[in-house]
Amino acid sequence: MKKRRLGKTGLIVSEIGMGTMTFGSQCDEKMSHAIMDKAYDSGIDFFDTAEIYPVPPEEKWVHTTEEYVGSWLKTKKRESVLIATKVCGPGHGWFVPPVRTGRTGLDRHSILRAIDGSLQRLGTDYVDLYQTHWTDPDLPYDETMETLDELVRAGKVRSVGCSNETAWGLMKSLWTSEKNGCSRYETIQNNFSILNRRFEDALALVCRKEQVSLLPYSPLAGGVATGKYNSANPPENARFSRYAKLGERQKKMSNRFLNSMTLGATEELIKIANEAGMSVTTMAVAWSKQHDFVASTLIGATTAEQLDESLKAANLILTQDILDKIDGVSKAIPYPMG
């Protein structure tokens, strides 16, 4: 599998990475290990997790994913795997993180507490990439970036990144790091898929100009781009089938990912993929990793078999004709996820 550099760092990762947010609630430890083993044996050396995983976040499951990744990591040579994890941002009125009794944030105290907990659960003395999971808009970037730099200097973290960040926030953080002479965000992990191309509007330019790498999550749009929701009887245990029955936050997310426009766009994308002799899943992953600002596209699974179609994209380069047809769908149905 081909590899790419994370930002300006010395970290070189597989162009497809393994996301782990299903491990614990949807996958038991045995299945989680089987998924990671298959990914590893296929050439994936980059694994992404978070202190709050699995999702949707629940107190009874929280931290389980890092523990599963940690127990699996013991079966591999540490230097053969690059591990990324995340620290929670602050709670909001509609969401209280089930860690540290909801007292989360990106201040020094919270970050130092979070990294020590993650390292213990992962069973390692360092992580290769440490990311802020979401923003702390009322806290100056100075404290966050200086604390992250402290972790790098202590050897607990090799590099740092952000997730769910805005174009303004990313530029503000980069300016802060330059001003203070400390570590900067080398990566940004945001939602980016064949059904959600908003990253291209402004953030792609920041990544190109500042040499920050995107780590796209949900390259299959939470499974919508696989076409499984286009069937007459979509699986009841699928993510957005379940989310539609949960709290207000999950219902809103379900409506964003799953609506008439995303289903319509997916129907057209399935036709393009079929004509090209591949699954729409393979095409969507290949499309994601074909962008110059993308370092590693993060795939997910609840069974080892689900990796097959995504892994077929490993050495696949989509032709310009296919890319033009995909662009045509995006122009006909712009911003299907709102």
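The values are calculated or read from the model by the stated rules, or taken from the named source; none is laboratory data. As the structure is a prediction and not an experimental result, all values here were calculated from the model. Neighbour counts run over all protein chains shown; Cβ positions are idealised from the backbone, glycine included.
Annotations for the structure displayed:
- Any chance LEU73 is touching a Gly at 6+ places or on another chain (Cβ under 8 Å) and over 19 Å from GLY300 (Cα atoms): no
- Which listed residue, of VAL87, VAL55, is surrounded by 15 or more Cβ atoms within 10 Å (Cβ to Cβ), at pLDDT 95 or above, hydrophobic (A, V, I, L, M, F, W, C) and farther than 24 Å from ALA314 by Cβ: VAL87
- Taking residues in the stretch 20-41 that are assigned to a helix (DSSP H, G or I), and partners anywhere that are at pLDDT 95 or above and surrounded by 19 or more Cβ atoms within 10 Å (Cβ to Cβ), the pairs with Cβ atoms closer than 6 Å and at least 6 places apart or on different chains are GLU29/TYR68; SER32/PHE23; SER32/TYR68; HIS33/TRP72; ILE35/ALA301; MET36/TRP72; LYS38/LEU307; ALA39/MET18.
- Selected residue (only one of VAL224, VAL280, VAL329 is of a type in the set (A, V, I, L, M), crowded, with 17+ Cβ neighbours inside 10 Å and over 30 Å from ASP41 (Cβ atoms)): VAL329
- Selection count, the stretch 71-107, where residues are out of contact with any Leu (no Cβ under 7 Å at 6 or more places or on another chain) and either in contact (Cβ under 8 Å) with a residue 60 or more places away in the chain or part of a loop (DSSP other than H, G, I, E, B) (or both): 17
- Restricting attention to the stretch 89-110, the residues being closer than 18 Å to GLU58 by Cβ, in contact with a helix residue (DSSP H, G or I) (Cβ under 7 Å, 6 or more places away or on another chain) and not charged (D, E, K, R) number 5.
- Selection count where residues are closer than 24 Å to PRO216 by Cα, touching a Ser or Thr at 6+ places or on another chain (Cβ under 7 Å) and not β-branched (Val, Ile, Thr), scope the stretch 59-71: 2
- Single condition CYS182 does not satisfy, out of (1) assigned to a loop (DSSP other than H, G, I, E, B); (2) more than 21 Å from ARG5 (Cβ to Cβ): (2)
- Filtered by the rule that a residue be small (Gly, Ala, Ser) and over 21 Å from ALA114 (Cα atoms), the stretch 38-79 gives ALA39, SER42, GLY43.
- The single condition from (1) in contact (Cβ under 8 Å) with a residue 60 or more places away in the chain; (2) part of a loop (DSSP other than H, G, I, E, B) that SER330 fails is (2).
- When the stretch 249-294 is filtered for residues that are part of a helix (DSSP H, G or I), over 22 Å from the mean Cα position of the chain (by Cα), farther than 13 Å from LEU195 by Cβ and not hydrophobic (A, V, I, L, M, F, W, C), the ones remaining, listed by number, are LYS271, ASN274, GLU275.
- Any hit, the stretch 108-115, residues being within 15 Å of ALA50 (Cβ to Cβ), touching a residue at least 60 places away in the same chain (Cβ under 8 Å), of a type outside the set (Asp, Glu) and surrounded by 16 or more Cβ atoms within 10 Å (Cβ to Cβ): yes
- Leading residue by the ranking (nearest to ARG78 (Cα to Cα)) among those in the stretch 120-142 that are under 20 Å from the mean Cα position of the chain (by Cα) and among the acidic types (Asp, Glu): ASP128
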